[in-house]
Amino acid sequence: MGILTIPLRNLRRKPLRTAVMVLVFAAGVAAVTALAHLSSRVGESLEAKMTAFGANILVTPKRESLHVSYGGMQLGDVSYDVKYLDQTASLAAVRGIHHKDRIAAVAPKFVLLARVNGTAVGVIGVDFPQERLIKSYWGAEGRMPDAPDEILAGASAAAALGLSPGQRLDVEGRAFTVSGVLFPTGGDDDNVLFADLSALQAAAGKPGAVHFIEVSALCAGCPIEDITDQLERALPGARITAMQQVVKQRMMTVHFVQTLAVSVSVVILLTACVMIGLSVFSAVNERIHEIGLLRALGFSKGRVFAVFSLEAVCVGLLAGAVGYAGGVLASGRLAGLLDLGSQIPAAAFDPLHLLLALCGVPALAALAALPPALKAARVEPSQALVML
Amino acid sequence: MLITATDIVKSYGNDAGQSPALRGASLAIAEGEFACIVGRSGSGKSTLLAVLSTLLRPDAGSIVYRGAELTRLPGRDLDRLRSSEFGMVFQMHHLLPYLTAEENVLLPFMRGFSGITAEQRARAREVLTQVGLSGKEERLPGQLSGGEQQRVAIARALSPAPRVLFADEPTGSLDKATGRGIMGLLQAVNARGVTVVMVTHDPEYAAMAGRRITIDDGRVLTPDGRAA
């Protein structure tokens, strides 16, 4: 029983007022905890979702080429020699970099110019499961290929070649069946045919060779430059190109979410602080005689200041614990409500974060109670007690 | 003399207007005395008590307590003085409603972060017994009568074993019978060696004190009715 008895007993004396103060502050802490967790995870989730709309790193063999144009006619690149990437080694290298956990999809491509039904058409060998990770927007009449001898036709290519689902065709002497025709995408995918990578490599007599690899990296946890540096070291014979525009667009969205969360958190905490401050102000006014009495009994100004600050600290301590626990639970529930449950790991209890809440929230509460506590400390006993 | 106050001046108000409460009041209190300050309403008796007990700083004049000039002491020394040498009793008991009778008596010892010692608790029980409240230690103020509440307030003032007890109208809010009981208690406290300085407007209670100090218009009067 010491000076702490006074704030503790006073809090217990007015349970409703204490409960409201704790709940308001705890709600603020819970909101901040939940938002902090959700914003970082939602950022990652958003990025993972955006990854489905394309890769952000291109891995190609190093080569010397000339871009030829003459009289307004684009004649394309003329390579002195065609180089390939070794599929197995390259994929292993990409999957083996330090930031491998940031790699969402690795989609190798083998490109072949073939004649189908007498018409020249580009056939792209792809790893369909990986390809669909970066092109989740693909939709098709028919179905996606699930066997090595099946082909997916781009909308324009199918129209030009007269292809429809179930139709058979030959590519470089190998028979394929059209499993589906892509709905128009408005991009290059409309003009080509997609075949199984291994099957096309075998048909072209280039097993294990790929022309380029598209990589989709998640950049919320590290800069894209780190990943490209690591890829360059892992693949010295390859040229690594980061598609900065794509990356910047994604990071802008992620940062927007995080900035929004921080702003909302600050507003919530400020509101909670104002509530605490007002509540302590009202307590000081209510207990003016008590303050005068304490001063008359020899309590120094510092001790009176401590009584009211400790009251706020006690509220902050309780609110920190309740709010942190509530925030951890709420973030799990909110993730479910926002349909992010599968992408966001349930918020884990972190002793360090709890410690931060138990230290930071009481400090914030004490800061909020500073003006009223100072007012209490300045009360003169004669003003408060003596009827002069 | 235990306390010597000389030419005490104290005014209330601001630059727009000053209202003088004490106009050069002088008095001396001997150790072990039971002095009663009397005077009509607005004469300055409560202000004089507040100044003597260091609750209020005078605008001018000198107060010497056991050789120390109180008007020059910094606030923290006055706090220390009030916590160890002076006990205060007010017209209203000012008990903290959320503390039991014993805890209210222990309040002067709750200034620190360390707990209450066994000696302090024993002292609280002792003074509660002295004021006739043995067995009511665990009661909250709301569970006590007005007279009992004032007794707890006196016990609270006595718990740090003060040298001087200042009482401002301690019977002011009590009925006559209860007031007489409180006066008897203050006499008993004084008999144990504690100097008592009390303010009252009631002649009956004033007659129970050993010495009567009359104040009028901010000045202490001599026994023959002149300003001292």
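Computed from the coordinates by the stated procedures, all read-outs in this text should not be read as laboratory data. Remember, it's a predicted structure, so these values are computed and weren't measured experimentally. In this analysis, Cβ positions are derived from the backbone assuming ideal geometry, glycine residues included, and neighbour counts consider all displayed protein chains.
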Inset, instruction - Take each of the peptides A:278-290, A:229-241, A:305-317, B:78-90, average the number of other beta-carbon atoms within 10 Å over its residues, and list them starting from the highest. - result: A:305-317, B:78-90, A:278-290, A:229-241
Inset, instruction - Can you tell me how much longer the chain between A:Arg333 and A:Glu380 gets when fully stretched, taken as 0.36 nm per residue apart minus their C-alpha distance, in nm with one decimal? - result: 11.8 nm
Legend entry - Using a Förster distance of 35 Å, the FRET efficiency for B:Leu2-B:Arg180 (Cβ separation, nearest 0.05): 0.85
Inset, instruction - Rounded, prolate or oblate: pick one for the range B:19-95, where a ≥ b ≥ c are the square roots of the eigenvalues of its C-alpha gyration tensor, a/c under 1.5 means rounded, and failing that, prolate if a/b is larger than b/c, else oblate. - result: rounded
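Would you kindly calculate the mean projected area, averaged across all directions, of the convex hull enclosing the Cα atoms of chain B, in square nanometres?
On the way: hull surface 52.9 nm².
The orientation-averaged projected area of the Cα hull of chain B comes to 13.2 nm².
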Inset, instruction - Assuming 0.890 mPa s and 25 °C, estimate D for the range B:99-228 with Stokes-Einstein, Rh taken as the Kirkwood radius over Cα pairs, in µm²/s. - result: 154
Inset, instruction - Would you look at the GNM of chain B, springs on alpha carbons closer than 10 Å, and say which of B:Gln18, B:Gln120, B:Gln149 moves the most? - result: B:Gln18
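Relative contact order for the range B:1-77: what percent, with Cα pairs under 8 Å and sequence separation of 6 or more? Provide the component values of the computation, followed by the final result.
Numbers: 116 pairs, mean separation 28.6, N = 77.
Dividing the mean separation by the residue count of the range B:1-77 yields 37 percent.
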Legend entry - Under 21 Å from the Cα of B:Lys10 - lysines, other chains or at least 8 residues apart: B:Lys45
Legend entry - Out-of-range pairs (alpha-carbon distance over 23 Å; input A:Lys83/A:Lys109; A:Lys100/A:Lys135; A:Lys14/A:Lys375; A:Lys109/A:Lys206; A:Lys83/A:Lys206; A:Lys100/A:Lys206): A:Lys100/A:Lys206
Legend entry - Packing-based order for B:60-70, B:24-34, A:366-376, using average beta carbon neighbours within 10 Å, highest first: A:366-376, B:24-34, B:60-70
Legend entry - Amide H contacts of A:Ile103 (H built 1.01 Å from N, under 5 Å, at least 5 apart or other chain): A:Leu218
Legend entry - Number of partner chain Cβ atoms within 10 Å, mean per residue of B:52-61: 3
Legend entry - Computed over the range A:56-242, Kirkwood Rh from alpha-carbon pairs, angstrom: 17.6
Inset, instruction - Please give the contour-minus-distance gain from B:Glu31 to B:Ala68: 0.36 nm per residue of separation, less the Cα-Cα distance, rounded to one decimal in nm. - result: 11.8 nm
Legend entry - Pair-distance profile P(r), taking every C-alpha pair of the protein assembly as shown, with 10 angstrom steps and integer %: 3, 13, 16, 13, 9, 7, 7, 7, 7, 7, 6, 3, 1, 0
